[in-house]
Amino acid sequence: MGLKKYIRDIQGFPKEGIVFKDITPLLIDANARKECLGILVSTVKDKKIDKVIGVESRGFFFGMLLAEELNVGFVPVRKPNKLPFETLSASYDLEYGSDTLEIHTDAIQKGDRVLIHDDVLATGGTAKAVCELVEKLGGVIVQCNFLMEITFLNGREKIAGNEIFAAMTY
């Protein structure tokens, strides 16, 4: 099908000099969405997964679909002050600033096998922060799973040692 045709480039968003990869056309098209989900699931279907983490906010879309398809729990990782229970946090750098992510302290149990999903692997800061949260809670990272990877930003280097999959690369 060629999933890349469902990714729209937005120049100068969220700030000048950035080319944002908009996944909205992929989400809108039911067939493209199903094909993408099938690709993402195919890489982990034979691995024991206990929880899928979806990273705010675009990681929620396919993260929840992955959890449903794998029949496992879904864990949202969110920006600060969005989760109502006790949280653990990790800060990270982006290509256009810095931020913090939080997870509920009871979301991952020691030994849980975790699939981390986000929409894009760019500089790797977000993924590294999520990996740190999972490891602090005693989880085992099975795979870091992305819709797309922007390879020239070298995000893989920050999460080296983890299995990494991206359905599309740029």
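The values are calculated or read from the model by the stated rules, or taken from the named source; none is laboratory data. Worth saying up front: this structure is predicted, and the values here are computed from it rather than measured. Methodologically, a virtual Cβ is constructed for each residue, glycine included, from the backbone with ideal geometry; neighbour enumeration extends over all protein chains shown. These area figures cover heavy atoms from the full protein model, side chains too; ligands, DNA and RNA do not enter into them. Shrake-Rupley method; radii C 1.70, N 1.55, O 1.52, S 1.80 Å.
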Matching residues in segment 119-140 - criterion: being within 13 Å of the chain's Cα centre (by Cα), in a helix (DSSP H, G or I) and charged (D, E, K, R): 128
Contacts under 7 angstrom Cβ, first residue in segment 7-23 being at positive phi, partner surrounded by 10 or more Cβ atoms within 10 Å (Cβ to Cβ), 6 or more apart: 12/18
Subset of segment 95-118 that is open to solvent by 50 Å² or more (accessible area, probe 1.4 Å) and in a strand (DSSP E or B) - its residue that is farthest from residue 165 (Cα to Cα): 98
Subset of segment 56-88 (residues that are over 17 Å from residue 112 (Cβ atoms) and touching a residue at least 40 places away in the same chain (Cβ under 8 Å)): 56, 58, 59, 61, 62
Residue tally, condition part of a helix (DSSP H, G or I), over 20 Å from residue 26 (Cβ atoms) and open to solvent by 30 Å² or more (accessible area, probe 1.4 Å), over segment 141-165: 5
Per-region count, segment 43-63, residues over 11 Å from the mean Cα position of the chain (by Cα) and either surrounded by 18 or more Cβ atoms within 10 Å (Cβ to Cβ) or not polar (S, T, N, Q) (or both): 8
Answer from 28, 7 - the residue that is among the hydrophobic types (A, V, I, L, M, F, W, C) and exposed (fewer than 12 other Cβ atoms within 10 Å of the Cβ): 28
